[in-house]
Amino acid sequence: MKNPNLWLVVPAAGIGQRMKAECPKQYLKISDRFILDITLSRLLDSGPFEGCMVPLHPQDQWWSDSESSSDGRIQTCTGGKERADSVLSALHALDEQADENDWVLVHDAARPCLHPHDLSNLIDVLFEHPVGGLLAAPVADTLKSASKGRQPAVEQTVDRRYLWRALTPQMFRFGALRQALESCLENGHTVTDESSAMEFSGNMPLLVEGRADNLKITVPSDLGLAEFILSQQ
Ligand code: C5P
């Protein structure tokens, strides 16, 4: 049987409400480049991808101004209401090109600091695995569960030894991920990452330890931090 191909999906159809900016966060700039352009060029220049699909918001006004729009390696499609809808729409758009057993790596457009070593390590660790997995970082802080209400109080300290922060890329078999996402969306399960969809289908994705500085730009102060991390890499 031939070696599976690797496909890349970078959902970029979000509006980035928490950023309170004039444009979606993937179109904010670091060193005069769109975050989305930094993310895509770093991935495509370091990973052995067969192709790349980027779901965009139906009213996107910025893509045509991006460097990526003239990159022949990248295709686009229309994203959906939630992140999972956007990822599923990208998988459907790749349906004709990808085999069921191929790998698909899904990476947030808003994570420009992914280190190339983490990407290659994820691919190396998972390539022979039947299910796949994700980059993740062990939790460093002491964690508290809180009471409900306007001024929460500590209910208890949670054992952090078995807790990890889910990062991206997340890497799964193309057919299994498409099926898992379809089933979650049909059954109304909330999925905020690909791994949760695979978990709902009864799989146990592997956790591959990645760098804690693979930051998702979410609030305005993350922008300066991402710029600093990129300058140090
Ligand atoms: O909003 P959040 O930080 O969870 O978004 C993570 C990624 O998912 C971002 O790259 C965002 O553009 C993308 N997204 C999407 N379609 C949506 C919502 C988010 O492609 N409907």
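The values are calculated or read from the model by the stated rules, or taken from the named source; none is laboratory data. None of the values given here were measured: they were computed from a predicted structure. Note that we place each Cβ from the backbone using ideal geometry, even for glycine, and neighbour counts take in every protein chain shown.
Here are some notes:
- Complete set of residues in region 53-102 that are surrounded by 17 or more Cβ atoms within 10 Å (Cβ to Cβ), polar (S, T, N, Q) and in contact with a helix residue (DSSP H, G or I) (Cβ under 6 Å, 6 or more places away or on another chain): S66, S68
- Looking only at residues in region 122-135 that are out of contact with any helix residue (DSSP H, G or I) (no Cβ under 9 Å at 6 or more places or on another chain) and among the hydrophobic types (A, V, I, L, M, F, W, C), the one that is surrounded by the most Cβ atoms within 10 Å (Cβ to Cβ) is L122.
- Verdict on G132 being under 17 Å from A180 (Cβ atoms), within 13 Å of the ligand (Cβ to nearest atom) and touching a strand residue (DSSP E or B) at 6+ places or on another chain (Cβ under 9 Å): no
- The residue of region 109-121 that is surrounded by the fewest Cβ atoms within 10 Å (Cβ to Cβ), among those that are closer than 15 Å to L44 by Cβ and within 14 Å of the ligand (Cβ to nearest atom), is R111.
- Residue count, region 29-44 (criterion: outside any helix (DSSP H, G or I), of a type outside the set (G, A, S) and surrounded by fewer than 21 Cβ atoms within 10 Å (Cβ to Cβ)): 4
- Verdict on L143 being hydrophobic (A, V, I, L, M, F, W, C), free of Cβ contacts under 8 Å to residues at least 24 places away in the same chain and touching a helix residue (DSSP H, G or I) at 6+ places or on another chain (Cβ under 9 Å): yes
- For region 11-28, the condition holds for at least one residue, the condition being that it is over 24 Å from N187 (Cα atoms), more than 10 Å from the ligand (Cβ to nearest atom), among the charged types (D, E, K, R) and at pLDDT below 95.
- Any hit, region 110-121, residues being among the acidic types (D, E), modelled with pLDDT of 95 or more and under 11 Å from A12 (Cβ atoms): no
- Of residues in region 69-92 being within 13 Å of the ligand (Cβ to nearest atom), assigned to a helix (DSSP H, G or I) and of a type outside the set (D, E, K, R), the one nearest to N187 (Cα to Cα): A84
- L105 in contact (Cβ under 8 Å) with a residue 24 or more places away in the chain, surrounded by 18 or more Cβ atoms within 10 Å (Cβ to Cβ), more than 10 Å from the ligand (Cβ to nearest atom) and part of a helix (DSSP H, G or I): no
- Among (1) more than 20 Å from V208 (Cβ to Cβ); (2) more than 17 Å from the chain's Cα centre (by Cα) - the single one A110 does not satisfy: (2)
- Here is the figure for region 190-233: residues that are in a loop (DSSP other than H, G, I, E, B) and within 16 Å of the ligand (Cβ to nearest atom) total 12.
- Conditions (1) of a type outside the set (A, V, I, L, M, F, W, C); (2) touching a Ser or Thr at 6+ places or on another chain (Cβ under 8 Å); (3) part of a strand (DSSP E or B); (4) surrounded by 12 or more Cβ atoms within 10 Å (Cβ to Cβ); number of the one not met by Q179: (3)
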